[in-house]
Amino acid sequence: MMVMMCAAKELSLGDVFSVCPLVPLDLHQTIWQGFITVHGEDYQLRLELPSTRKLQNARLFGEWKLNHHLERYKHVIMQRLQSAKDLATFLLELQTLLERTMSKSDVTSTSAQTVSPALYTKLISEIEDIGWDRLSSIDASFESLQFSAVDGLGKIHYITINLNSQYPDAVPACSVSLPTPFELQWSSKGKLKDILQQFQVTLEKHKVFWQSMSEIDNQTWVLEPDKPMPSDSIRRIALGNNSSLQVTVDPLHPGMLPECRFLGADHVVKPLKEKLHSNLHLWDTDCSILTNLQKVLQVEFPSPSSTQKQELSEECGICYTYRLESAIPDQACDNPQCNKPFHQACLYEFTSTLPSSHQTMSKYGFNTTYGECPYCNQPITVKKMDT
Ligand SMILES: [Zn+2]
Ligand SMILES: [Zn+2]
C-alpha cells in the first residue's frame, strides 16, 4: 500500500476508463477497482479516495507483483504523482512508469527499451521543469510527448515531440499545426523547454494571421475547410446564390491581398470580380482581410447571425448530395432563374456524355466542356481546372 499526496480535479469516468479498465464500486466514486495493463498483462488495482474524491491521500492497492515495482521505484513514482491533475492523468502516468520499469522479460515491444533509465530520469526532470499540466499525452515508450501551449488569443495549440535514444544529440522531430514550417533551432545542450519556447515564439508570430482567419470563421459562413485547423490558410466563404469566394492568405503577410478565386455562376461572380479589380486601391494592409474584402467587393457576406448554413449549402442538382468525397458544389447554372449548383465532377460527367457537348482547351490551360443545364437546358460550361 502506498499513500499518495496529489492535488486533483473532478473525476471523469470516460477519461479514467480510456486509460485503464477501472470502475467505481460506489455511487460517490471513492473506490475504484479493476486492472492496469502493463506490457499486455493485466494487474489488479484498487484505488481508495477520501469522501472529497480528491487524489490527496488516495490509497493504492495492487497485487504483489505490482506492489513490488511500486516500492522499488517509489522515488520516481512519488515525483510523478505529486502533480497529477486528475485520476486519468494519474493512471496514465502510473501506467507509463510501470511500462518503463517492469522487468525486461515482460517487455514485448522493442521500442519500450529505446529510452535508457538515465535518459528517462532526465526527461522526467525536463517535463517537471515545464510543468506536468502542459503535458497532454505521452506514449508508453517515452518517445512521443505532446505538450499544449496557449497563444496570445487564448487558443490552445499542441506540439508533438518525437525523441529517440540519441536525444539530446539528435534533433527531436516536432509535429505541429502551423501555416508555415516549424524550424527548430537545436543544439545537443537543448532541452524540451527550449522547443516549447521556440514554439511559443512561432505562435506569437502568427497572431495577426489567426486573428484575421478567426474573424472570417466567426462572421461568415466558411464552406471549406469544414473544420479549419491552425495550419489552414485557405477559406471558401459563402457569397449566397450558390457562389463562393476562396481566399488563400499568405500567413506571413496576412494584411496583403489574398489570392482570390470566385466560384459560382458567371452572372453572380462577374460583377464581384470587376469590383475586386477596380477597387484594389482601397485595400488597406492595416485592416483585417474581412474588412478589406467587404470594402473592396462592396458586399456584406452572409453571416451566422443573419443566415442558416443550409441556405448556403444547397445540394448538387445531379447527385443530390452536398459533399461528394471532399468536393462541394462549386459550379452553378448561369441562368439567373435556374442557378442550380453542381459538383464540378458531376457536371463534367453529365455534359461530356451529351451528344451536343464539345471540349476545348483554352489558352489558360482550362479544359472546358460546353453542354446544357439538366434543369433549364440553357448552355452551361464546366471549367476543369488543373489544381
Ligand atoms: Zn454532384
Ligand atoms: Zn439551369
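A compact table of results
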| quantity | calculated |
| --- | --- |
| Nearest-0.05 FRET efficiency for Phe35 and Leu280, computed from C-beta distance (R0 56 Å) | 0.25 |
| Estimated inter-spin distance, Ala118 and Thr101, nm [label 7 Å along Cα→Cβ] | 2.0 |
| Nearest-20 debye value, the chain charge dipole, Cβ charges on Lys, Arg, Asp, Glu | 500 |
| Radius ratio Rg over Rh of the stretch 110-205, counting only Cα atoms, Kirkwood formula for Rh | 0.95 |
| Amide proton proximity set for Leu239, modelled H, under 5 Å, gap of 5+ | Ser244, Leu245 |
| Accessible surface of Val299 - all protein chains present, 1.4 Å probe, nearest 10 Å² | 40 |
| In range of the label at Gln211: residues from the stretch 245-260 whose backbone nitrogen is under 16 Å from the point 7 Å along Cα→Cβ | 251-256 |
| Cβ-derived FRET efficiency at R0 30 Å, Asn218 paired with Cys319, nearest 0.05 | 0.45 |
| Residue-span extension gain [Val201 to Ala327] - 0.36 nm each, minus C-alpha spacing | 41.8 nm |
| Sequence-distant residues sharing a close amide H with Ser177 (under 5 Å, placed H) | Tyr158 |
| Ranked order, Thr353, Thr30 - accessible area, probe 1.4 Å, largest first | Thr353, Thr30 |
| Degrees between helix 117-130 axis and first principal axis of the chain (Cα, 0 to 90, nearest 10) | 60 |
| Per-pair calculated FRET efficiency, R0 = 22 Å: His267 and Tyr375 via Cβ, rounded to 0.05 | 0.90 |
| Accessible surface of Met256 - all protein chains present, 1.4 Å probe, nearest 10 Å² | 110 |
| Which of His68, His343 is most accessible, then next, and so on - probe 1.4 Å | His68, His343 |
| Surface accessible to a 1.4 Å probe, Lys65 within the full protein complex, Å² | 60 |
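The values are calculated or read from the model by the stated rules, or taken from the named source; none is laboratory data. Please read all numbers here as calculations on a predicted model, not as lab measurements. Every residue, glycine as well, gets a Cβ built from its backbone with ideal geometry; the counts of neighbours run over all protein chains shown. Calculation scope for accessible area: heavy atoms of the full protein, side chains included, ligands and nucleic acids excluded. Shrake-Rupley method; radii C 1.70, N 1.55, O 1.52, S 1.80 Å.
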